[in-house]
Amino acid sequence: MSSRRWSILAAALLATVAAAVLVVVLVGDDAEKARKDDGARVASRFAKNHPFVVESSGRGRVAAVSSHSRRSPNAYSGIEPGQQRYSSCSDPWVTAAIRRVINTDHNAVGKACDPYLYGRARWTTFDDLVAKVRTRLADCRDPWVTLAVMEVFNRVAQPFDCDLSQYGGGRWNGYEQLKNLVADKTNGNHPPPDRDWKVLVLVYVNTQLPAMTFPDGRAVSGTPLSASMTKPDGSKSTVDHVRQTAREFASKARSLSGQRMKVRLFIAEIRRPISSLTPEGSGHYLGPSDIRQELDAYAPEGRYDSVIAVWRNDDGTKQGPNLSGVGSTGLGLATARLIGTPQARYTDGTNGATYAMVTLPYNHGRFGGGVEPASSILLHEWLHGVEAVYRDWTPQWANAFPNCGDVFLHCAGSYGFTFQTGPGWDRWYEQQMRGTVSGRFGVPADAWARGGPRTQR
Ligand SMILES: [Zn+2]
């Protein structure tokens, strides 16, 4: 978006009524993204309209699970850990290799099925895969414990998972009993989980998109695009602003949650320019496969709960590609945790973290023309991941996020919240994060205590 257009919008926002309308333009370009269980294709579920515009008939409507809450491949059943019944691995080689390593006919399920865990889904022979599986299952001293953690909690094992004494004093009779012990949340011997959300913000200073075409040969408008957050004089002011915005997001998350959780923020400035986008719907977005090398270098499986990529999709004079059919003013997109797809050799997975991309226009100084805090767009996109993680974890928590024809995060209007110039939607986010929407909806208090996807148990 050009700076001129921003200023036009900002001027127009002087009118209160206009503000309510224009916020639709400024914030409404966000979208929700999810994938079908088979991971075979992107389930196009991008909000076509402003996320906060909801049907009045949706007011107060409560449904168990959002109709479009297609579960990410990392979250299968929404049944309590320990009672989860995942599908067997879709890749028979992975199943066979795990069987070889643990020397039984076990059919692996859950996170153990993620091929990217094993040499990033690249192996030359079956023996090579077996070696890679053996390495992964050595995360904990006992490969069965490593496997149980991956199957029960749907994540890789963390060091605190590997203290065998917490599982029945280190004694169990058979794998099923071990899994039950691993899942036993009432076991007082379990060390408390890390309830912080470790969030990595990747700041892409440069964008260098080539001239792009759609599969049918049509040119992708807005390309080629050459943009930078660094001004020609070498000033880093835009980068600094993004960093400051990220810090504000982190402290806002903590305060809005009522100190129930904390974002532990990490920021990485990336010099490699954004040079590709991923097709999505009628447009594109900056997907995990477009930043694969940074994801793998900075955010390997199990290191972060969330990754947010911030980049520029304008050069100060013109807007870049249409972001996923949600309009040329697209600002942010969020996904749940994704394993990835075989077609992309699983390089479109998110390494177990929630993922969001946010574009911050040049000279955006006060994001949203000053009508809402810049940090709120980061918060909003990140909250999509939070909702997806907790919603998919247990049926009880899924009930805490009733849909209104859209994901709960977009249901502010259903509960009577309105946009306010200044704080924007922060009051809504506050109640959502405290689980006090209508007295009971939003993130349940005990959910934060269970941590994020990195350590959830
Ligand atoms: Zn949204």
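Of the listed pairs 198/252; 231/318; 132/179, which have alpha-carbon separations greater than 20 Å here? Intermediate results must be reported in sequence, preceding the final value.
Values: 198/252 15 Å; 231/318 16 Å; 132/179 23 Å.
Those over the limit are 132/179.
I'd like the Karplus ³J(HN,Hα) series for segment 285-296: coefficients 6.51, -1.76, 1.60, θ = phi - 60°, whole numbers in Hz, and an x wherever there's a Gly or Pro.
8, 7, x, x, 5, 7, 10, 3, 5, 6, 4, 6
Compute the FRET efficiency between residue 271 and residue 343 as 1/(1 + (r/R0)^6), taking r as their Cβ-Cβ distance and R0 = 30 Å, and round to the nearest 0.05.
Working: r = 29 Å, r/R0 = 0.98.
With a Förster radius of 30 Å, E is 0.55.
At residue 104 and residue 165, where each label point lies 7 Å from the Cα along Cα→Cβ, what is the point-to-point distance in nanometres?
In this crude spin-label approximation the distance works out to 2.5 nm.
For residue 445 and residue 230, FRET efficiency with R0 = 45 Å and r from the beta-carbon atoms, rounded to 0.05? Show your work: numbers first, answer last.
Working: r = 43 Å, r/R0 = 0.95.
Between residue 230 and residue 445 the formula returns 0.55.
Can you give me the long-range amide H partners of residue 309? Hydrogens built in the peptide plane at 1.01 Å from N, cutoff under 5 Å, separation of 5 or more residues or another chain.
202, 356, 357, 358
Give me 147, 164 sorted ascending by neighbouring Cβ count inside 10 Å, so fewest comes first.
Numbers: 147 29, 164 18.
So the residues, fewest neighbours to most, are 164, 147.
Suppose we keep just the alpha-carbon trace of segment 92-183; what are its Rg and Dmax in angstrom?
In Å, with Rg to one decimal and Dmax whole: 12.6, 40.
Using the beta-carbon distance between residue 135 and residue 418 and R0 = 45 Å, what value does 1/(1 + (r/R0)^6) give for FRET efficiency, to the nearest 0.05? Before the final figure, lay out each step's value.
On the way: r = 54 Å, r/R0 = 1.19.
Efficiency at R0 = 45 Å is approximately 0.25.
Please get the size of the charge dipole for segment 92-183, origin at its Cα centre, with Cβ charges of +1 on Lys and Arg and -1 on Asp and Glu, quoted in debye to the nearest 20. Write out the running numbers ahead of the final one.
Working: 12 positive and 10 negative charges, 39 e Å.
With only Lys, Arg, Asp and Glu charged at Cβ, the dipole is about 180 debye.
The numbers here are math on the coordinates, done by the rules we state, and not lab data. Since this is a predicted model, take the numbers as computed values, not measurements. Note: ideal-geometry Cβ built from the backbone for every residue, glycine included; neighbour counts use all protein chains shown.
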